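Okay, so here's the structure we're looking at.
The values are calculated or read from the model by the stated rules, or taken from the named source; none is laboratory data. Here the structure is a predicted model, which is why all the values come from computation and not from measurement. Positions of Cβ are generated from backbone atoms using ideal geometry, with glycine treated the same way; all protein chains shown enter the neighbour counts. Surface accessibility is based on the protein's heavy atoms, side chains included, excluding ligands, DNA and RNA. Shrake-Rupley method; radii C 1.70, N 1.55, O 1.52, S 1.80 Å.
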Amino acid sequence: MKTTLKLLPAILAALAALAACDIHHLWDKDYMFEIETPHDGLFVHDCSSYTDWHFFSFDAAGIIGRIDAADSAACEAWRLRTDWDLAFHRQNVKTNSGASGAGQGGIMKYPQQTFSFDAVTEAPEEGYLTDAPDSVIYDMSRMAAGEIGYVAAGLAQPVKDWAVLTDMMNGVWTYAQSVFIVRTATGKYARIWLKNFKSDIGASGTVTMQYVYQSDGTLNLHISPDAPSKSPAL
């Protein structure tokens with residue numbers, strides 16, 4: 001179901017204040033973002049559409065399908081599937097758990113004082129959060145009139161602020177430098193680093209994610225992502 005909300009002046013003021021905030025040292029701005037080519041252990045995908053969810057599988061090493069976020073029947077069908085682990089709608093992320101899926105998924109922010117992706121070599125046994133009911137922006141066609149359309153969606157709450165628009169006028173996004181541990185739909189584990197939300201021409205909407213996936217179901221993440229990659233056809 002789509003809903004439309006009127007933008008309030010207070011929201012715009014809050015965005016301006018956010019842009020002026022001093023960001024915590026474990027965040028990184030994209031003034032000089034790095035363009036990376038997809039390879040084993042690095043996922044780069046155009047998620048810029050406000051209408052689509054893109055479903056990612058660690059076993060397939062890529063996207064296995066996409067749906068219209070306002071198509072309630074399609075959303076329910078994918079909620080019941082257990083062959084996907086993460087889903088992306090712009091910077092929004094689902095896991096196959098809770099309000100988003102019927103799988104064994106979940107996600108947690110790995111506790112670190114100083115960011116180091118390679119230092120995380122073992123997945124914790126506990127602490128994973130399942131997705132909660134939320135909403136995402138779906139229709140921006142009437143933004144000039146102060147209206148934005150939303151649709152309901154389950155979202156992974158620990159990762160909601162991984163990419164934040166901190167300078168609307170200049171299109172600058174700020175990224176949480178955090179390692180997230182994903183429990184997959186089938187109860188396996190991966191560590192991910194959501195690195196970037198820019199395309200090769202600097203437009204927002206392209207997700208770059210580095211990951212290490214343990215396919216044997218153990219908590220061991222001290223492995224190199226050098227297994228043959230797969231490129232499933234949509």
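State yes or no: is Ala102 at pLDDT 95 or above, under 19 Å from the mean Cα position of the chain (by Cα), in a strand (DSSP E or B) and not β-branched (Val, Ile, Thr)? Show your work before the answer.
Numbers: at pLDDT 95 or above: yes; under 19 Å from the mean Cα position of the chain (by Cα): yes; in a strand (DSSP E or B): no; not β-branched (Val, Ile, Thr): yes.
No; evaluated as a whole, the condition is false for this residue.
Out of Arg142, Arg90, which single residue is within 17 Å of the chain's Cα centre (by Cα) and either basic (Lys, Arg) or within 14 Å of Arg183 (Cα to Cα) (or both)?
Working: Arg142 fails: within 17 Å of the chain's Cα centre (by Cα).
Among Arg142, Arg90, only Arg90 is within 17 Å of the chain's Cα centre (by Cα) and either basic (Lys, Arg) or within 14 Å of Arg183 (Cα to Cα) (or both).
Please tell me if Gly41 is at pLDDT 95 or above, surrounded by 15 or more Cβ atoms within 10 Å (Cβ to Cβ) and within 18 Å of the chain's Cα centre (by Cα). Steps first, please.
Numbers: at pLDDT 95 or above: no; surrounded by 15 or more Cβ atoms within 10 Å (Cβ to Cβ): yes; within 18 Å of the chain's Cα centre (by Cα): yes.
No.
Go through (1) modelled with pLDDT of 95 or more; (2) surrounded by fewer than 21 Cβ atoms within 10 Å (Cβ to Cβ) for Ala144 and report which single condition fails.
(1)
Scan segment 86-102 and tell me whether some residue there is in contact with a Pro (Cβ under 6 Å, 6 or more places away or on another chain) and basic (Lys, Arg). Break it down into steps so the answer makes sense when it comes.
As a first pass, look at segment 86-102 and keep what is in contact with a Pro (Cβ under 6 Å, 6 or more places away or on another chain): 99.
Going one step further and asking which of them are basic (Lys, Arg), we end up with none.
No; the residues of segment 86-102 include none that is in contact with a Pro (Cβ under 6 Å, 6 or more places away or on another chain) and basic (Lys, Arg).
Output the qualifying pairs, or none if there are none: Cβ atoms under 6 angstrom, residues six or more apart or on different chains, first residue in segment 105-130 and in contact (Cβ under 8 Å) with a residue 60 or more places away in the chain, second residue open to solvent by 70 Å² or more (accessible area, probe 1.4 Å) and assigned to a strand (DSSP E or B).
As it stands, the answer is Gly106/Leu129, since those pairs meet every condition given.
Of all residues in segment 131-141, count the ones that are in contact with a helix residue (DSSP H, G or I) (Cβ under 8 Å, 6 or more places away or on another chain) and either polar (S, T, N, Q) or exposed (fewer than 15 other Cβ atoms within 10 Å of the Cβ) (or both).
So the count comes out to 1.
Any idea which of (1) of a type outside the set (Ser, Thr, Tyr); (2) under 16 Å from Leu194 (Cβ atoms); (3) at pLDDT below 95 is the one Gln113 doesn't satisfy?
Only one criterion is unmet by Gln113, namely (2).
Within segment 222-232, can one find any residue that is farther than 21 Å from Ile107 by Cβ, modelled with pLDDT under 95, surrounded by fewer than 22 Cβ atoms within 10 Å (Cβ to Cβ) and touching a helix residue (DSSP H, G or I) at 6+ places or on another chain (Cβ under 9 Å)? First the steps, then the outcome.
We begin by selecting, within segment 222-232, every residue farther than 21 Å from Ile107 by Cβ; these are 224, 226-232.
When the remaining residues are screened for being modelled with pLDDT under 95, the result is 224, 226-232.
So of that shortlist, the ones also surrounded by fewer than 22 Cβ atoms within 10 Å (Cβ to Cβ) come out as 224, 226-232.
When the remaining residues are screened for being touching a helix residue (DSSP H, G or I) at 6+ places or on another chain (Cβ under 9 Å), the result is none.
Within segment 222-232, not a single residue is farther than 21 Å from Ile107 by Cβ, modelled with pLDDT under 95, surrounded by fewer than 22 Cβ atoms within 10 Å (Cβ to Cβ) and touching a helix residue (DSSP H, G or I) at 6+ places or on another chain (Cβ under 9 Å).
Considering segment 171-190 alone, what residues qualify as being modelled with pLDDT of 95 or more, open to solvent by 10 Å² or more (accessible area, probe 1.4 Å) and not in a loop (DSSP other than H, G, I, E, B)?
Of everything in segment 171-190, those that are modelled with pLDDT of 95 or more, open to solvent by 10 Å² or more (accessible area, probe 1.4 Å) and not in a loop (DSSP other than H, G, I, E, B) turn out to be Arg183, Tyr189.
Filter segment 105-130 down to the residues that are open to solvent by 50 Å² or more (accessible area, probe 1.4 Å), of a type outside the set (Asp, Glu) and in a strand (DSSP E or B) and list them by number.
Within segment 105-130, Lys109, Leu129 qualify.
The rows are residues; the columns are (1) closer than 27 Å to Lys188 by Cα; (2) at pLDDT 95 or above; (3) in a helix (DSSP H, G or I); (4) open to solvent by 70 Å² or more (accessible area, probe 1.4 Å).
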site	(1), (2), (3), (4)
Ala13	no, no, yes, no
Ser49	no, yes, no, no
Trp53	yes, yes, no, no
Phe56	yes, yes, no, no
Asp59	yes, yes, no, yes
Arg66	yes, yes, no, yes
Trp84	yes, yes, no, no
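Can you name the residue in segment 150-170 that is out of contact with any Asp or Glu (no Cβ under 7 Å at 6 or more places or on another chain) and under 15 Å from Thr95 (Cβ atoms) and, of all such residues, is surrounded by the most Cβ atoms within 10 Å (Cβ to Cβ)?
Taking segment 150-170 and keeping what is out of contact with any Asp or Glu (no Cβ under 7 Å at 6 or more places or on another chain), we get 150-152, 157-170.
Applying the additional criterion that residues be under 15 Å from Thr95 (Cβ atoms) yields 157-160, 162.
Values: Gln157: 15, Pro158: 22, Val159: 24, Lys160: 15, Trp162: 26.
Top of the filtered list is Trp162.
Answer yes or no: is there a residue in segment 123-134 that is under 18 Å from Ile63 (Cβ atoms) and of a type in the set (A, V, I, L, M).
Of all residues in segment 123-134, those under 18 Å from Ile63 (Cβ atoms) come to none.
No, segment 123-134 has no match at all.
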